Amino acid sequence: MKARHSATVPTAVSVRGPGRVDGAWGSGPFLASLGVVAFSLSFPGTVFALGGFGPWTATGLRGTIAAALAGTALLWARPPVPARHDWAGITVVALGCALGFPLLTTLALQTTSASHSAVVIGALPMATAVISTLRTGNRPSWAFWCAAAMGGAVVVGFALLQSNGTPGIGDLYLVAALVVCAAGYAEGGRLSSRIPGWQLIAWGVLLAAPVNLVVTIVAVPMEPVHLSARGVAGVLYIAAASLFLGFVVWYRGMALMGIARASQLQLLQPLLTLVWTVLLLGEPLPDPAGRP
């Protein structure tokens, strides 16, 4: 099949004004918000998965199942293969969103709570905006940078208080996850202006599939597996929603409203995750002073 890319919006959609479309897709902020909601359940879903599977097994299964969904969607729709010059960006999406972030956050949740992890990942909007600016040359306003810097400072201060001034191994995993995910978000947002978001994440997940499949095959016999409804539900959620469907709406929303603006919607993600950790996991809200 000859490599080419699609630069058009589906015919049922017409663009009217920045960040909005009419028709089946809805508005950019609405779609990006759906992505934020889907991502906000990723940490609770991962905790569920870790109740039945080891960290490497959960990560490998997550990517393998997502790849099966993505491959099915691509076979059904038969979209054009992305152009050669787009594959470098798709590789960044694969490394950051389909490999790095899932593994690093899963390892982090072995040593830290989902609520603490959610707050640390609250710096993701700032990191995404910085990488996007370096990559695309777009220049958000000073007001934007001031607000983003204040949010980042609050997150860093909170994390240090929680860890008594010394970051733990879980915090290091989370910071690394934050950087690679921000790179995947920024690159995906850039590419989604000419490649439909669902195709972009589908190709990225498929590109990461061989690694995830090998990880699964190697990890399953080496890590304990305790099949339970909770564990299976967790794996299915982080595979289908966190790694595929959430990105479909998220990348589309970023394409419509801009990477920097969309990234600021993620300031809501830690708050939503804190709600889910209380309701689904029974975790107490983190104490800002670091007290037990």
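The values are calculated or read from the model by the stated rules, or taken from the named source; none is laboratory data. Quick caveat, the model's predicted, so the values are computed rather than measured. Neighbour counts are summed over all protein chains in view; Cβ atoms, including those assigned to glycine, are modelled from backbone coordinates with ideal geometry. What goes into the accessible areas is simple: the full protein's heavy atoms, side chains included, and nothing from ligands, DNA or RNA. Shrake-Rupley method; radii C 1.70, N 1.55, O 1.52, S 1.80 Å.
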**Net +/- balance of residues flanking Leu50 in space, Cβ distance below 12 Å, scoring K and R +1, D and E -1** = +1
**Karplus-derived HN-Hα couplings along region 237-254 (A = 6.51, B = -1.76, C = 1.60, θ = phi - 60°), whole Hz, x at Gly and Pro** = 5, 5, 7, 7, 8, 5, 9, 9, 5, x, 6, 4, 6, 5, 5, 5, x, 5
**Per-residue ³J(HN,Hα) for region 73-88, Karplus 6.51 cos²θ - 1.76 cosθ + 1.60, θ = phi - 60°, Hz, x for Gly and Pro** = 5, 5, 5, 6, 7, 6, x, x, 5, x, 5, 4, 6, 8, 6, 4
**Prompt:** In terms of solvent-accessible area of protein heavy atoms at a 1.4 angstrom probe, what is the ranking of Tyr185, Tyr173, highest value first?
**Reply:** Tyr173, Tyr185
**Message:** Suppose accessible area is computed on protein heavy atoms with a 1.4 Å probe; arrange Arg135, Arg190, Arg62 from highest to lowest.
**Reply:** Arg135, Arg190, Arg62
**Fill in**
Heavy-atom accessible area of Thr57, protein chains in place, probe 1.4 angstrom, given in Å² to nearest 10, is 0
**Asked** Which whole-angstrom value gives the distance between the alpha carbon centres of region 69-138 and region 215-238?
**Response** 22
**Prompt:** Which value, in Å² rounded to 10, gives the accessible area of Glu223 with a 1.4 Å probe and all protein chains present?
**Reply:** 30
**Fill in**
Residues whose modelled amide H sits under 5 Å from the amide H of Val220, counting only those 5 or more places away in sequence or on another chain, are none
**Fill in**
SASA check, Trp56, accessible area w/ 1.4 Å probe, all protein chains in place, rounded to nearest 10 Å², comes out at 110
**Complete:** So the carbon and sulfur contribution to the accessible area of region 179-261, 1.4 Å probe, in percent, is 77
**Prompt:** Ordered by residue, what ³J(HN,Hα) values in Hz, to whole numbers, does region 261-274 give under the Karplus form 6.51 cos²θ - 1.76 cosθ + 1.60, where θ = phi - 60° and Gly and Pro are x?
**Reply:** 5, 5, 4, 5, 5, 6, 4, 7, 4, x, 5, 5, 5, 4
**Prompt:** So for Trp198, Trp250, Trp76, what's the accessible-area order with a 1.4 Å probe, most first?
**Reply:** Trp76, Trp198, Trp250
